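The values are calculated or read from the model by the stated rules, or taken from the named source; none is laboratory data. Keep in mind it's a predicted model, so treat the numbers as computed, not measured. Positions of Cβ are backbone-derived with ideal geometry, glycine not excepted, and every protein chain shown enters the neighbour counts. Keep in mind that these areas ignore ligands, DNA and RNA; they rest on the heavy atoms of the full protein, side chains included. Shrake-Rupley method; radii C 1.70, N 1.55, O 1.52, S 1.80 Å.
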Amino acid sequence: MENPLLQPSALPFGAPRFDLIRPEHWKPAFEAAIAAGKAEVDAIAANPAPATFANTVEALEFAGAALDRVSGLFFNLLEAESDDAMQQIAEEISPLLTEYDLYISLNEALFARIHAVYEQRETLELAPDQRKLLEESYKDFARSGALLGPADKKTYAALEEELDLLQLKYGKNVLDATNVFSLEITDEAELEGLPQYVRDAAAQAAREKGLSGWRFDLSHPSYVPFLQFSARAELREKMWRAFNARALGGPHDNSENCLKITDLRRRIAQLLGYADWAAYELEERMAKNMGAVRKLLDELMAPSLPAARREVAELLAWAREHGYAQEQMLPWDFPYWSERYRAEHYALSDEQLKPYFRLEDCIAAVFGLATRLYGVQFVERTDLPVYHPDVRVYDVQDADGRHLALFYADFFPRPGKRSGAWMTNFRELAVRGGVEERPLVSIVTNFTKPTADAPSLLTHDELTTLLHEFGHALHGMLAEGRYPSLTGTNVARDFVELPSQLMENWGFEPAWLHTFAQHWQTGEPIPDALVERLVAARNYHAAYFQVRQLRFGLLDLAWHAGVRRSEPANDGTIADSDHSSFAGSDRRTSVLDVESQALADCAVLPDIPGSCISTSFHHIFDGGYSAGYYSYKWAEVLEADAFSLFRERGIFDRATAASFRENILSKGGSEDEALLYRRFRGHEPDPQALLKKLEII
Ligand SMILES: [Zn+2]
């Protein structure tokens, strides 16, 4: 049997051979691809001709194509369709990949050639994307230790390798700790308050495990509605405590990993000459430095914190009038009372809306919106292989019929798929040897599955999630350019959420909702009154949720900016861990100390001993948002400011959409993001736009 990972797919548009890939293909494919990549790099480094942009910088951009192909498939499946075998392979290949990265980044002959081209940059007459590619290539090397002396280079390599393994371990612990818990109910009385769709899904989950009754777990479609609707406070508390103590102590404890990961990052940053990890990371962002980030968080927090406390106080007072016996609003009671208050005051619950948001209608409507704004069409392909029967694939075509991308969509939860929702690429846009390879884009979500009696019906939040991930997907699918590292969503981390968060706005526009929202059983269009209340309810508890996001941002900075109080001074050693002498309970205390120091001044709900955010905070520990969680808010400011232009000129205005496509979506990271934004909007982004949108000021 030939290994399908070892050559480009011959299927239309280069669609991956998901039908042929077997677990035993991965490791040999990685080994062969790494060997091929090294040979290509060697050829560039040993080229006897003088270094030029084409024979060095551009050649390096396109080196390792086979490895990009294998990695682009493997790491996406590791998130979406994983099992113990995949995790095992990931652990085995992780050191090989780190070694490959270092083979390039510590290659002195290669860097000497890039350096030589970089020195001539003013006289080379490069196009803007070429200039950016040259600068980024040079900086990549410098930021990966190319300017270090021999001993420091060895230290750097060891730190990076340890960090990679720890991040993998952290992610696996969160997945295992999430999967290990379930709440099994056999007494129907204990389902009090839960709507029918929640009961049905739980009954199905129980049946799939060979159980009678109802089974709830910590995946979002199970956990979130349970907290919102269960009338049994003691069961809500049980679920909440399990969710918020994931990977804190026990067999999947992440306390030590939190300390070690952030300690390693700080040491890497300092080795490279930065004050801390945040300084190192922010150099590559639109924000550029900590001052700008603190300013953003402070400017948003100042009016939002008192507003959030007012919201909770009002909710508590109302709950107490309705039989709530606690003196303060407890965290497992907040979602329940918040939902009850919302249902009464806005007469609007997820249950009322869901019948109007059949998944199939929502998908068609989101595609239709892209057609209306950008002229693109989606044609389903049932002949191309997928990695799970739930996955669908579409050929995306421009207004003139030109193929833009393949778009994969994977909507439903299952074991081995991580929770949450994301967009990714199996393959980036590239022009290799004059041949354009269009992107292979995917979105993955965890929406409520169809049951025997009902199709998949989305909550309004899930519709918003679909719009969000689709916004990222547009950034990938509408990409233009030639260098994969500068196209699509390969932009500054604090800019990447602009297209996604912008798309969410349409989910609150009656003129769009009325184009598709109809009752899945009766076909009756969504009533105007319901849409009006949906829009009115949009900013319900907006200050609370803003503070929640700002707190995550502050916690991230507490881990990654400055030196923590509980942290031993860096003595320059690397082989043994600074924390190896800590007992397990001390490690947990250290993690909880970091949290309480970071968050004490901005608490809105009481702190519950035994709960912890950091031990299951994927984004900042193994998800690429380290020293970057603030960027959600940064992008919300961009988005609020940007959407105001659509408001001004019409939400389906083709000219505004064309400008957004031209200046933002098609450009990727080929130019400075601040410049791209100004070209679209005509001015600098302003935090007041977000505070106004949320009606906090
Ligand atoms: Zn996003």
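All other residues whose Cβ lies under 10 angstrom from that of Pro510 are scored, Lys and Arg at +1 and Asp and Glu at -1, for a net of -3. Taking only C-alpha pairs under 8 Å that are 6+ residues apart, what is the relative contact order of the chain in percent? Answer for the chain is 16 percent. Above 18 Å, the calculated P(r) of the stretch 493-557 contains 57 percent of its Cα-Cα pairs. Relative to the longest principal axis of the Cα atoms of the chain, the long axis of helix 196-208 makes an angle of roughly 60 degrees. Near Ala430, the amide H atoms lying under 5 Å from its own belong to Glu437; only residues 5 or more places off or on other chains count, and H is placed 1.01 Å from N. Among 268-274, 331-337, the peptide with the highest mean count of other Cβ atoms within 10 Å heads the list, and the full ranking is 331-337, 268-274.
Candidate cross-link partners of Lys449 among the lysines, defined by an alpha-carbon separation under 20 Å and a same-chain spacing of 8 or more, comprise Lys209, Lys354, Lys417. Listed by chain and number, the lysines whose alpha-carbon sits under 24 Å from that of Lys295, ignoring those within fewer than 8 places in the same chain, are Lys633, Lys692, Lys693.
One-quarter of the Cα convex hull surface for the chain, in nm²?
31.0 nm²
Between the Cα long axis of helix 220-229 and the first principal axis of the chain there is an angle of about 30°, rounded to the nearest 10. Shown in residue order for the stretch 252-259 are the 3J(HN,Hα) couplings computed by the Karplus curve 6.51 cos²θ - 1.76 cosθ + 1.60 at θ = phi - 60°: 10, 4, 10, 4, 5, 5, 4, 5 Hz (x for Gly and Pro).
When shorter helices are ignored and each DSSP H run of at least 4 residues is given -39500 (n - 2.57), the per-residue value for the chain at 222 nm works out to -16500 deg cm²/dmol. Which whole-number percentage describes the relative contact order of the stretch 71-175, with Cα contacts under 8 Å and a sequence gap of 6 or more? Averaging sequence separation for qualifying contacts and normalising by length gives 34 percent for the stretch 71-175. Between Val535 and Gln120, the FRET efficiency estimated from the beta carbon spacing at R0 = 41 angstrom works out to 0.10. Normalised per residue, the accessible area of the stretch 1-143 is 46 Å², obtained with a 1.4 Å probe and no contribution from ligands, DNA or RNA.
Here the stretch 1-36 is scanned for amide nitrogen atoms under 13 Å from the site 7 Å beyond the Cα of Gln377 along Cα-to-Cβ, giving none.
Taking the chain as the reference, fit the longest principal axis to its C-alpha atoms, fit the long axis of helix 128-143 to the helix C-alpha atoms, and give the angle between the two in degrees, 0 to 90, nearest 10. Once rounded, one gets 90 degrees.
When the accessible area of the chain is computed with all protein chains present and a 1.4 Å probe, what percentage of it is carbon and sulfur?
With neighbouring chains kept in place, the figure for the chain is 51 percent.
Amide H contacts under 5 Å for Leu404: Val396, Gln397, Asp398, restricted to partners 5 or more places along the chain or on a different chain, H placed in the peptide plane at 1.01 Å from N. Quantify how much of the Cα-Cα distance distribution of the stretch 98-257 extends past 18 Å, in percent. Value for the stretch 98-257: 71 percent of Cα pairs lie more than 18 Å apart. In terms of the mean number of neighbouring beta-carbon atoms within 10 Å, the peptides 599-610, 496-507 order highest first as 496-507, 599-610. For Lys172, the aspartates and glutamates whose Cα comes closer than 12 Å to its Cα, not counting residues fewer than 8 places off in the same chain, are Glu79, Asp83, Asp84, Glu91, Asp253, Asp622. Sorting the segments 105-112, 485-492, 87-94 by their residues' average number of neighbouring beta-carbon atoms within 10 angstrom, most packed first, yields 485-492, 105-112, 87-94.
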